[in-house]
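Read through the structure below, which is laid out as structure tokens, and then see the notes.
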Protein chains: 2
Amino acid sequence: MAKPVVPEDARRRRRPTRRGVVLSERLIVETALRMLREHGSAGLSARRLGAALGADPSTLYRYFDGMDALTLAIGEELIGRALDGWAVTGQWRHDLRELGLRIHGAYLSHPQAAVLTAGRVTGRPREIAADEAVLGILRTAGFPDPEAVLIYHAFIDQSLAFAALDAGALALSEPSRTSDEGQWESTYARLPADEYPHISATRRLLAARMNHSAYPVALDMLLASAESRLQALRAG
Amino acid sequence: MAKPVVPEDARRRRRPTRRGVVLSERLIVETALRMLREHGSAGLSARRLGAALGADPSTLYRYFDGMDALTLAIGEELIGRALDGWAVTGQWRHDLRELGLRIHGAYLSHPQAAVLTAGRVTGRPREIAADEAVLGILRTAGFPDPEAVLIYHAFIDQSLAFAALDAGALALSEPSRTSDEGQWESTYARLPADEYPHISATRRLLAARMNHSAYPVALDMLLASAESRLQALRAG
DNA sequence: TCCTTATGCCAACACCATTGACCTTATCTT
DNA sequence: AAGATAAGGTCAATGGTGTTGGCATAAGGA
């Protein structure tokens, strides 16, 4: 069972594949990401990835322990991309809002990877950097430590949770997704008004809202609540 | 492709399987839930479920359009369990809080199933009942329709998103989970204080917090924000 | 130049969901 | 009571998946 899996920087002999491609972790992860984006929700498989690389599927196992390890590598790449170019301005509410939207957006741009990855604590440098940044923003803004930790926790988990939820919707296979999205137009919109008065009364608003992410609204509500806690602390 | 799939209440001829089991949607869903609990989310397959029921896998297609439809039915069952015994008291904030905690709890009691279903819109009766209830609570409380729809959406997605995230943590295979949970004790708690001052300063609070769900805090923040919006509306 | 072995390829395995053909028997009709 | 109908079971087959062990070949150190 013990697959050796030579770490990337210890590789010396790079033999090209039959079709002349020289493999590397980097190339594999990037190709996988491109396939996920282009081929969309149809998904990633060892066979297809191999075909795209011009290599036999089993060759991938020389680089990753399995598809799960590959997925984690992809997830790590996503966290990195979310933080790229982000900088603190000093306005805590604005900074947190920006960061939340970036995390959410980065995951959503690769739903398949997000589904498998968003719930995991990686402990890698980029993730730690994000945690430190959020805690710093809150403590600098004036939240006392216990409060800062509570809000940090809610903030980061809510971002990841919505990322995973929304990514899950995008990652559904084609028939399932259109069925889900159609729910609000079909079933819900035609419910009898006497039995479901509230859904019925708001059906147009619902149809307009429900196929978008609720994350921005939820994020703003969390930040608004944090701000009023802060004001209460200052007043009292 | 058109599989007939007679709806449950139109079924008349119930032929027992070769092993004498009489099938029904209910029995299938309950068996699937039991299998998920016992063998994990990878442990549910048409073949295994068939074997557990003493029936051929293909028999399931007489009851569900496919594994996807079965998954939706499982999700509906979980929502139903969340609503069992829940009743509106008229205090909107208390009612929503109670409902949110119930949904979260119901999914967490079957983490493997939650991972599969928490992101899906089922459009079945009990899900619709939950939606109608939440909308009703908000509109009755005095939120104007557009506001009620926004908050409803954020509330319900927040509940499901956290349910999925927290369930995902519980559903991890044993080695992965203890590794994830140990992060806060090991890696994070030992970071150099000069490089990560904020994590360092709060490490005890973090260790105490991070292995629990952030959902109750996030939920309370969402409700607090909703309440102040309502007050602003009344004042203005 | 020769040897070692990293790394590619191939074939096979076990599993998966799903489908179409077939058969059996519960229920309805006469 | 007998026959007709079709619901609902079984069986066999298709084409997909991740993964593995054996083998071949060429890269790079000696």
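From the list B:Ala167, B:Ala161, which residue is at pLDDT below 90, open to solvent by less than 20 Å² (accessible area, probe 1.4 Å) and not assigned by TED's automatic domain parsing to the domain that holds B:Gly40?
On inspection, the qualifying residue turns out to be B:Ala167.
Of everything in the stretch A:4-31, what is of a type in the set (S, T, N, Q) and within 7 Å of DNA strand C (Cβ to nearest atom)? Give them in sequence order.
Within the stretch A:4-31, A:Thr17 is the sole residue that qualifies.
Can you report the number of residues in the stretch A:43-96 which are assigned to a helix (DSSP H, G or I) and over 20 Å from A:Glu127 (Cβ atoms)?
Number of matching residues: 18.
Looking at A:Ala46, A:Ala51, A:Ala87 in this structure, which one is more than 14 Å from chain B (Cβ to nearest Cβ), away from DNA strand C (no atom under 15 Å from the Cβ) and without any contact (Cβ under 8 Å) to a residue 60 or more places away in the chain?
Just a single option satisfies the conditions, and that option is A:Ala87.
Would you confirm, using the coordinates I've provided, whether B:Val5 is touching a residue at least 60 places away in the same chain (Cβ under 8 Å), aliphatic (A, V, I, L, M), surrounded by fewer than 16 Cβ atoms within 10 Å (Cβ to Cβ) and out of contact with any strand residue (DSSP E or B) (no Cβ under 9 Å at 6 or more places or on another chain)?
yes
Quick one: is B:Ala114 under 30 Å from B:Met35 (Cα atoms) and surrounded by fewer than 19 Cβ atoms within 10 Å (Cβ to Cβ)?
Criteria not met by B:Ala114.
Look at the stretch A:150-165 and say how many of its residues are within 8 Å of chain B (Cβ to nearest Cβ) and either in contact with a His (Cβ under 8 Å, 6 or more places away or on another chain) or of a type in the set (S, T, N, Q) (or both).
The qualifying residues number 2.
List the residue pairs whose Cβ atoms are under 6 Å apart, where the first residue sits in the stretch A:136-150 and is farther than 15 Å from A:Asp95 by Cα, the second is outside any helix (DSSP H, G or I) and polar (S, T, N, Q), and the two are 6 or more positions apart or on different chains.
Every condition considered, the pairs that remain are A:Asp145/B:Thr202; A:Val149/B:Thr202.
Go through the residues of the stretch B:65-74 one by one and say whether even a single one is surrounded by fewer than 15 Cβ atoms within 10 Å (Cβ to Cβ) and free of Cβ contacts under 8 Å to residues at least 24 places away in the same chain.
yes
Would you please name the residue that is least open to solvent (accessible area, probe 1.4 Å), looking only at residues in the stretch A:82-111 that are over 19 Å from A:Gln158 (Cβ atoms) and not small (Gly, Ala, Ser)?
A:His110
Restricting to the stretch A:4-22, and then to whatever is in a loop (DSSP other than H, G, I, E, B) and more than 12 Å from DNA strand D (Cβ to nearest atom), can you tell me which residue is nearest to A:Glu76 (Cα to Cα)?
Step by step, filter the stretch A:4-22, then rank; the result is A:Pro7.
Would you mind finding the one in A:Glu147, A:Glu185, A:Glu227, A:Glu181 that is open to solvent by 50 Å² or more (accessible area, probe 1.4 Å), more than 21 Å from A:Leu83 (Cα to Cα), more than 8 Å from every other protein chain (Cβ to nearest Cβ) and modelled with pLDDT of 95 or more?
A:Glu227
I need the full set of residues from the stretch A:23-50 which are within 9 Å of DNA strand D (Cβ to nearest atom) and either on the phi < 0 side of the Ramachandran plot or buried (at least 17 other Cβ atoms within 10 Å of the Cβ) (or both), in order please.
Once the filter is applied, which keeps residues that are within 9 Å of DNA strand D (Cβ to nearest atom) and either on the phi < 0 side of the Ramachandran plot or buried (at least 17 other Cβ atoms within 10 Å of the Cβ) (or both), the stretch A:23-50 yields A:Ala42, A:Leu44, A:Ser45, A:Ala46, A:Arg47, A:Arg48, A:Leu49, A:Gly50.
Identify the single condition in (1) at the interface with chain A (Cβ under 9 Å from one of its Cβ atoms); (2) closer than 29 Å to B:Leu170 by Cα that B:Ala207 does not satisfy, given that it satisfies every other one.
Answer for B:Ala207: the failing condition is (1).
The values are calculated or read from the model by the stated rules, or taken from the named source; none is laboratory data. What you see is a predicted model, and the numbers here were worked out from it, not measured in a lab. Cβ sites come from the backbone with ideal geometry, for glycine too, and all protein chains shown count toward neighbours. What goes into the accessible areas is simple: the full protein's heavy atoms, side chains included, and nothing from ligands, DNA or RNA. Shrake-Rupley method; radii C 1.70, N 1.55, O 1.52, S 1.80 Å.
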